[in-house]
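> If you scroll down you'll find the structure; I have some questions about it.
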Number of protein chains: 2
Amino acid sequence: MPHKTFRYEQVISKIEETISGLQLQPGDKVPSVRKVSEELKVSLTTVKQAYGILEAKGAIVSRPGSGFYINTFTKSIIKRTAVESYIPLPEFIEVNTMAAAMVKNTAKYSVINFSSLAPANEYLPISRINKVMQASIKEERNIFQYSFLEGHPRLIKQIALHTFDWKHSIKQDEILITNGCMEAISLCLEAITKPGDIVAIESPAYAGVLQCLESKGLKALGISVDPFTGLNLDELETALAANKVAACLFMPVCQNPYGCAMPEENKIRMVKLLGELNIPLIEDDALGELSYDKTRPLPAKAYDTYDNVLFCSSFSKSLMPGFRIGWVTAGKYQAQIERLKFAENISTNGLLQDTIGRFLETGEYNAHIKKLRQFAQAQTTRYRNAILEYFPDDVKISVPAGGYSLWVELPENVNALELQREALKFGIGFCPGQIFSASKHYQNFMRINCCPLWSTKIEESLKTLGKLVKSILQKTASVIPVHGLDASATQILL
Amino acid sequence: MPHKTFRYEQVISKIEETISGLQLQPGDKVPSVRKVSEELKVSLTTVKQAYGILEAKGAIVSRPGSGFYINTFTKSIIKRTAVESYIPLPEFIEVNTMAAAMVKNTAKYSVINFSSLAPANEYLPISRINKVMQASIKEERNIFQYSFLEGHPRLIKQIALHTFDWKHSIKQDEILITNGCMEAISLCLEAITKPGDIVAIESPAYAGVLQCLESKGLKALGISVDPFTGLNLDELETALAANKVAACLFMPVCQNPYGCAMPEENKIRMVKLLGELNIPLIEDDALGELSYDKTRPLPAKAYDTYDNVLFCSSFSKSLMPGFRIGWVTAGKYQAQIERLKFAENISTNGLLQDTIGRFLETGEYNAHIKKLRQFAQAQTTRYRNAILEYFPDDVKISVPAGGYSLWVELPENVNALELQREALKFGIGFCPGQIFSASKHYQNFMRINCCPLWSTKIEESLKTLGKLVKSILQKTASVIPVHGLDASATQILL
């Protein structure tokens, strides 16, 4: 399968050559976008895109109002996961029991929680939300009665408006409100698969998706993820040719745990590939709003001329985590998904829907999201630097283009489950790599969500984690590493 | 299978003899409980129970503070459904598409809605709820963050306390909060069945349950319901002997649509029967709190010494319909159900849980429920009388012992779907009998929910319905009745 070469990739090479020619050092300023545009005779947009990718790759960092600088920490950027050469095979998953136990234990025992993925209280517009909620209670006569099956009209209208700049904007009657993005995904899977079917997912993938597949008796086919350009499309093509895949489930924008985003060209290629093969794509956009770009990248759904993308999104990561308000627009599968929703829990609560609808009506959402993106980027940068400082030298860390997560590769003989057990003794919670794999990979990986507001306490906790990693390293220097999950995995946590 | 004779049934016969001997007429006062107790030499409790049953049967009515009177409308009481002689066979269901379309259309076109089952706004403690919600927002630092997987501790504690007078009270760690009772039921079905399995249900059954079975590819085995004593246990025994039943799903207290409650002895017999056969019982208690008795009858779960009852309940019918807060306690299946909940939508929103928890803490819930029960009984009585007045003479109506529903048997050649289509033209919505059957029965039945507060407008709507029934009767006098559902069923509604 020939690898597609994109225009901005050529530009990136030229920029890299320029930087190399200038012998720039970490911390040095790089030539401005305008200057490069003039020198290379390419449009400003293309150079901006190239700089964006270089930034996402961690090669450069932007300082608002000042331009781009060579990153101080380029050496420790995660390149590709340890399973690069892995040939995907569909497998049943056994992660559910462990993950549920973990969440319960982390909630119970952790004081510093790096496993929950949600904006900190300080970044939630609580007083504004409360104000519009009061208005809803006062003005909506039937707000305490059952809501409409498809959702509250005010929220649905606002969501439709929010998609107006997509190439194919979503109509109001194409939207169903759900109990968060996870319910949207779960309904999509129920609508288009049956037990035993194969679903192509990312590797690593969001643990919740793995649990959902497991609970429905579905097989997972893990497709590797490039830390910077997301899903490996060549690998996907090969895998689809070799397997009867019932559905794909990917996060094209702000992948979890990598935080990477697929280039526009890749999204277009993916939508075309799956559309022509008539394999439905469930697009998990839970974190899409949190891209560090000024405007969020378009979802794959925006390119969907095949009516083949089931788009799932949510306000959990961008506005109110605890409200559990998400939505789905599923093209030709919409009616079926509505019926499933109705059969499973009738409808979503109306008050919190109307509240979000009213908040969106105020027009404050865009400013809120902008602030949140800056916060998320600042947090991940700070956490990243601290991990680089306090963890062993050979630790590798992703450079997210969005979201709150860092995907951390520990030395090979550190078992993240053991680290988790030790960390919980200090009240520190995080997700071990194992729960991001359908194939018992990533045992020496961990996901750190940079959600708790940066403080000396957070810094101390990351320092403690670093020390624990080092002590496990010393201890296991002469011991065979423990691979995968075993029956005692959940016990470890108790 | 010998039919069990219960002590209170003998007492009932004696009371009926006494009433007959006294030649009492509709509207006459019947002998007091104390007097009957003395005359028949049975305990006050037993006589009270017997009078309760007679009241449930519609033979007598109580007037608070004044005693019992012969009912004016005894002649039109529904005795047994038209499918009495029906031998149950497991069948796949095809009601989902129709029911979902109906709900959408009814919500859209009906002005007077007799299909929604929820207390009227006038009976919701909205200002109290709003007050405790404000306290929650003020006092609970993390109320806008993801809630605990199992639910908010405050609500869980209050629910556990609420079950303290059950024979086996529920412990806090045995409770999972769900998006309403329907999600609880859906999770239970997922935990204990697989597609193609047979589930014994009531006939008629709540339409939502039928849809849920259909969406999971389960077969339904309809067991007939006695309008006064609920599930026919002899028929259940026979059906269980003849079929490999994976689970049972019943409403022992306040059955939907009948509103009947199983006598204590029957619940005990049912729990024992299913416990010994090791067939799990999903108990749908969505309406259990709305028994017209002074104290609610115990659920079957209260007698569950087999750890075999999966009890599902909700605050939708008793407190806040739109909050979508329910709960499940599922004995040995609890951990599995928790994992499914986590995999499908992570957790239920915390704010509305804490709000209900705080309302329960105030101790006002019991007074609220008492008021609601009286309201429900007053409403069903008024609606019932109006239907008797305005519908054709041979219409039969259930006499509920709880809840808001009346189950109405129309003349045989009235198709409830046609009636529904005609009624929607006048802005009147109700549920046709067809959606309460797994076997295309009840085409001449309708469920009227007596939720909208009684008014001349309601009376006029029931009058209009009566006229429509009569006009269909005239029209169809010479036409072969339409049976069951057909492909155009959903079209009719548009």
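> From largest to smallest, what semi-axes in whole angstrom does segment A:402-465 give when each is the square root of 5 times an eigenvalue of its alpha carbon gyration tensor?
Those come to 20, 14, 9 Å.
> If we hang a label 7 Å off Cα along the beta carbon direction at B:Ser32, how far is it from the matching labels on the other copies, in nm, shortest first?
Label-point separations across copies, in nm and ascending: 9.9.
> Here's a follow-up. Kirkwood Rh, segment B:113-156, all Cα pairs: how many Å?
One over the average 1/r among Cα pairs gives 13.0 Å for segment B:113-156.
> Using the C-alpha gyration tensor of segment B:7-72, what are the square roots of 5 times its eigenvalues, in whole angstrom, with the largest one first?
Values for segment B:7-72, descending: 17, 13, 11 Å.
> In nm, to one decimal, how far is the modelled label at A:Lys29 from the one at B:Gln374, with both set 7 Å along Cα→Cβ?
8.0 nm
> Sticking with this one: Under unit Cβ charges (Lys, Arg +1; Asp, Glu -1), what dipole magnitude, rounded to 20 debye, does the protein assembly as shown have relative to its Cα centre?
Roughly 2100 debye for the protein assembly as shown.
> For B:Leu360, what is the net charge nearby, where nearby means another residue's Cβ is under 10 Å from its Cβ and Lys, Arg count +1, Asp, Glu -1?
Local net charge: +1.
> Sum up the charges of everything whose Cβ sits under 14 Å from the Cβ of B:Gly331, counting Lys and Arg as +1 and Asp and Glu as -1, but leave B:Gly331 out.
Net charge in that neighbourhood comes out at -3.
> Compare the peptides B:116-122, B:319-325 by average per-residue count of other Cβ atoms within 10 angstrom and give them in order, highest first.
B:319-325, B:116-122
> Hey, another quick one. Per residue of A:178-188, count partner chain C-beta atoms within 10 Å of its C-beta, then hand back the mean as an integer.
Across A:178-188, the average partner-chain Cβ count within 10 Å equals 4.
> List, in the order given, every pair from B:Lys267/B:Lys370; B:Lys131/B:Lys371; B:Lys35/B:Lys396; A:Lys194/B:Lys157; B:Lys131/B:Lys341 whose Cα-Cα distance in the structure shown is over 26 Å.
B:Lys35/B:Lys396; A:Lys194/B:Lys157; B:Lys131/B:Lys341
> Please report, for B:Gly67, the nm distances (one decimal) from its label point, 7 Å out from Cα along the beta-carbon direction, to the equivalent points in the remaining copies, shortest first.
Ordered by distance, the counterparts are at 10.1 nm.
> Given Cβ point charges of +1 (Lys, Arg) and -1 (Asp, Glu) and nothing else, what value in debye, to the nearest 20, does the dipole of chain A about its Cα centre take?
1080 debye
> Further question on the same structure: How many Cβ atoms of partner chains, on average, are near each residue of A:202-214 if near means within 10 Å of its Cβ?
Averaged over the peptide's residues, the number is 2.
> Label position 7 Å from Cα toward Cβ: report the copy-to-copy distances for A:Gly427 in nm, one decimal, ordered from shortest.
6.0
> Charges only on Cβ, +1 for Lys and Arg, -1 for Asp and Glu: so what's the dipole of segment A:125-365 about the Cα centre, in debye to the nearest 20?
620 debye
> Work out how far the C-alpha atoms of segment B:309-365 reach from end to end along every principal axis, then list the three figures in whole Å, largest first.
So the extents along the principal axes, rounded to whole Å, are 34, 24, 18.
> Right, another one. What lysines could a cross-link reach from A:Lys41, if we take a straight Cα to Cα line under 23 Å and drop same-chain neighbours fewer than 8 places away?
A:Lys4, A:Lys14, A:Lys29
> Grab the other residues whose beta carbon is less than 11 angstrom from that of A:Glu183, score K and R as +1, D and E as -1, and report the net.
-1
> Another question about this same structure. Just name one of A:Phe323, A:Ala302, A:Gln145: the one whose Cα is farthest towards the positive end of the charge dipole of segment A:125-365 (beta-carbon charges, Lys/Arg +1, Asp/Glu -1).
So the residue we want is A:Gln145.
> Determine which chain B residue has its Cβ at minimum distance from the rotation axis mapping B onto A, giving the value in whole Å.
Closest to the rotation axis on chain B: B:Asn179, 3.
> Still on this model: Rg (Å, one decimal) plus Dmax (Å, integer) for the alpha carbons of chain B?
Radius of gyration, then largest Cα-Cα span, for chain B: 22.3, 69 Å.
> So how far apart, in nm, are the two label points at A:Ser127 and B:Glu122 if each is 7 Å from Cα heading toward Cβ?
For the pair A:Ser127/B:Glu122, the computed spacing is 4.0 nm.
> Using only the alpha carbons of segment B:124-365, determine the length spanned along each of the three principal axes and report them from longest to shortest in whole angstroms.
58, 40, 30
> Also: For the protein assembly as shown, count the residues as N, evaluate 2.2 N^0.38 Å, and divide the Cα radius of gyration by that value, please.
Taking N as the residue count of the protein assembly as shown, the ratio is 1.03.
Here, each number is a calculation from the coordinates, and none is a lab measurement. Computed from a predicted structure; not experimentally measured. Here Cβ is always computed from backbone atoms with ideal geometry, including for glycine, and neighbour counts include all displayed protein chains.
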